[in-house]
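Written out below as structure tokens is the structure these notes cover.
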Amino acid sequence: MSLTLYILDYLGELKSQRKSFKQRQKEHDENVMKTIIRLKKRNPLKDGLICTARKPWVTVGMRNVDYKRARHFPVDLSAFCKILEIDHVRMVVKCEPFVKMGQITRVTVPMNLAPAVVPELDNLTVGGLINGSGLEGGSHLHGKEQVVRATKDNEYSDLFYAIPWSQGTLGLLTCAEIKLIAIKEYMKLTYKPVKGDITDLSKGYMDSFTHDFGDESNKKVPDFVEMIIYNPNEAVCITSKEEAKRNHTKVISIGWWFKPWFCQHAQTALKKGEFVEYIPARESYHRHTPSYSWEMKPILPFADQWWFRFLLDWMMPPKIPILKATQFESIRNYYHDMHVLQDLLVPLHKVSDALEWAHREMEVYPIWVCPHRLYKHPYKTMVYPEPGFEQQSRQVSNMEQWLIENHGFETQHAVSELSEKDFWKMFDGELYGKCRRKYEAVGNFMTVYYKSKKGRKTEKEVQEAENVGVETPYAQVDHS
Ligand SMILES: Cc1cc2nc3c(=O)[nH]c(=O)nc-3n(C[C@H](O)[C@H](O)[C@H](O)COP(=O)(O)OP(=O)(O)OC[C@H]3O[C@@H](n4cnc5c(N)ncnc54)[C@H](O)[C@@H]3O)c2cc1C
């Protein structure tokens, strides 16, 4: 089934690529009109609040998407899956929201171009990443009978800055422009083992990229940094730089089905010591896809064995929609209670504290650490840098409290146990609230807290969400 879906996806991409950019733009405009007509049909008094019609089992994220089990007004955006333009002068790729990361790199990498940030899994979508916690981009937004183009310096700049982390609760995204950067054919990866206690591991991670940070050209700073912590005493830090094709360079392909998963491959540095290798750029971008980071291991515990890799791994990884569609609710709930998949954003100087905390309270390994830069914007966005940054189960809920106290953030695709009050302690709701009122999302779209919170919605909660007239994100009432 997975293979069939992969082939259908690929054929769909080929079909779309055979169309001229002009034809794709024409279809895009028609689809925007269809979306407007669909929205006009909505009766706010009985139809529920607007969200995309994407099925919960198709998305990559871990949460139950409980809001789709209650009354809602779905808008089908599945036709928005085309790359509309690659502008080599402005260095942007213009694409529709359901374009996947793998789809973009398949087209841009042969041109020696790539989005400035490429989240690793092939299946992650532009719309999900912009409205969630991934990419940043100029975007055209479709709101209540109004299509606007929001950029960082036009009259809708407030909306442009409010969208990341808003989870599609400010409007529907129909198109986005993503910044492209010129890339070279290969990545030179350096695998460096780091051993010691948690403080040593954190120091090894920070030393790998902060030393040369801020030098004028940033030339010495690695293009990519990640650390995989295998246990409290052992980690491998992987830094990479782009490299052009050179005759003497021995290139390793990690993309073949029989090759070990990237996390296992990197782990060999713990035994053999530091090593360097060259990998084709696209394989490097999507290095964690075959193992879905480490999520394949609990799903198919023997999938990393050599015999399985040689005989059957060509069928891997299974499509996420198939995994989710064949999962019973009890298994899903068991998974949520017994399994941890959380992405946390913590200030760099708190990395060691966060790792200590996670070890003490959860003891879940491996842990993946990578840098994420927060910029100071003209608006205070939902996720914002720590003040003064220029100079420097119950477990889930404990972890969330720790994050609030330490100015950290929890991504919303994961399972959240935050109360509404604590949610707005973690995130800044000022700009978000203003944009919800200004762009008439109140009463039309769900609130980001309603969408993110765990658990099936009761009829009372649905009614409250629908009937809210004026709302303040800084809810003073604790509903927990
Ligand atoms: C194993 C694993 C690995 C991951 N790796 C990464 C990673 O490397 N980098 C990273 O950034 N994230 C990563 N994530 C998290 C990922 O960012 C989230 O799952 C994210 O929400 C994207 O998923 P999706 O594309 O399926 O979007 P969805 O889950 O479908 O959408 C996310 C949100 O955006 C809204 N939305 C989507 N499209 C639109 C639209 N057109 N208009 C309005 N709202 C919209 C949805 O309603 C939803 O609230 C990972 C998650 C897992 C489970």
- Query: Where in the stretch 282-350 are there helices (runs of 4 or more DSSP H), lying wholly inside it, with at least 2 residues that are away from the ligand (no atom under 11 Å from the Cβ) and hydroxyl-bearing (Ser, Thr, Tyr)?
  - Reply: 329-338
- Within the stretch 314-326, can one find any residue that is farther than 22 Å from His286 by Cα and either among the β-branched types (Val, Ile, Thr) or in contact with a helix residue (DSSP H, G or I) (Cβ under 8 Å, 6 or more places away or on another chain) (or both)? yes
- Boolean, Leu49 is surrounded by 20 or more Cβ atoms within 10 Å (Cβ to Cβ) and farther than 25 Å from Tyr292 by Cα: yes
- Query: Is at least one residue of the stretch 406-423 out of contact with any Lys or Arg (no Cβ under 8 Å at 6 or more places or on another chain), part of a helix (DSSP H, G or I) and either surrounded by fewer than 16 Cβ atoms within 10 Å (Cβ to Cβ) or not aliphatic (A, V, I, L, M) (or both)?
  - Reply: yes
- Item | Enumeration of residues in the stretch 12-60 that are among the basic types (Lys, Arg), in a helix (DSSP H, G or I) and in contact with a Ser or Thr (Cβ under 8 Å, 6 or more places away or on another chain) | Arg24
- Counting only residues that are under 21 Å from Asn31 (Cβ atoms) and either in contact with a helix residue (DSSP H, G or I) (Cβ under 6 Å, 6 or more places away or on another chain) or within 16 Å of the ligand (Cβ to nearest atom) (or both), the stretch 102-116 contains a total of 2
- Item | the stretch 440-476 - residue that is away from the ligand (no atom under 16 Å from the Cβ) and of a type in the set (Asp, Glu) and, of those, modelled with the lowest pLDDT | Glu471
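Can you confirm whether the stretch 261-269 contains a residue that is touching a Gly at 6+ places or on another chain (Cβ under 8 Å) and closer than 13 Å to Tyr191 by Cα?
no
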- Go through Arg71, Arg63 for me and flag whichever is of a type in the set (Lys, Arg), in a loop (DSSP other than H, G, I, E, B), more than 8 Å from the ligand (Cβ to nearest atom) and within 20 Å of the chain's Cα centre (by Cα). Arg63
- Among the residues of the stretch 117-154, count how many are within 13 Å of the ligand (Cβ to nearest atom), more than 23 Å from Asp9 (Cβ to Cβ) and modelled with pLDDT of 85 or more. 1
- Note on the structure: Counting only residues that are touching an Asp or Glu at 6+ places or on another chain (Cβ under 9 Å) and either within 9 Å of the ligand (Cβ to nearest atom) or aliphatic (A, V, I, L, M) (or both), the stretch 34-60 contains a total of 8
- Message: Between a residue in the stretch 170-193 that is among the acidic types (Asp, Glu) and any residue that is assigned to a strand (DSSP E or B), which pairs come within a Cβ distance under 6 Å, given they are 6 or more apart or on different chains?
- Response: Glu177/Val92; Glu177/Lys94; Glu177/Gly138
- For the stretch 155-177, how many residues meet the condition of being farther than 23 Å from Phe423 by Cβ and more than 13 Å from the ligand (Cβ to nearest atom)? 4
- Task: May I ask you to list the residues in the stretch 75-96 that are in contact with a His (Cβ under 8 Å, 6 or more places away or on another chain), assigned to a loop (DSSP other than H, G, I, E, B) and more than 11 Å from the ligand (Cβ to nearest atom)?
- Result: Lys82
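The values are calculated or read from the model by the stated rules, or taken from the named source; none is laboratory data. Model, not experiment: these values are computed from the prediction. Cβ atoms come from the backbone with ideal geometry, glycine included; neighbour counts cover every protein chain shown.
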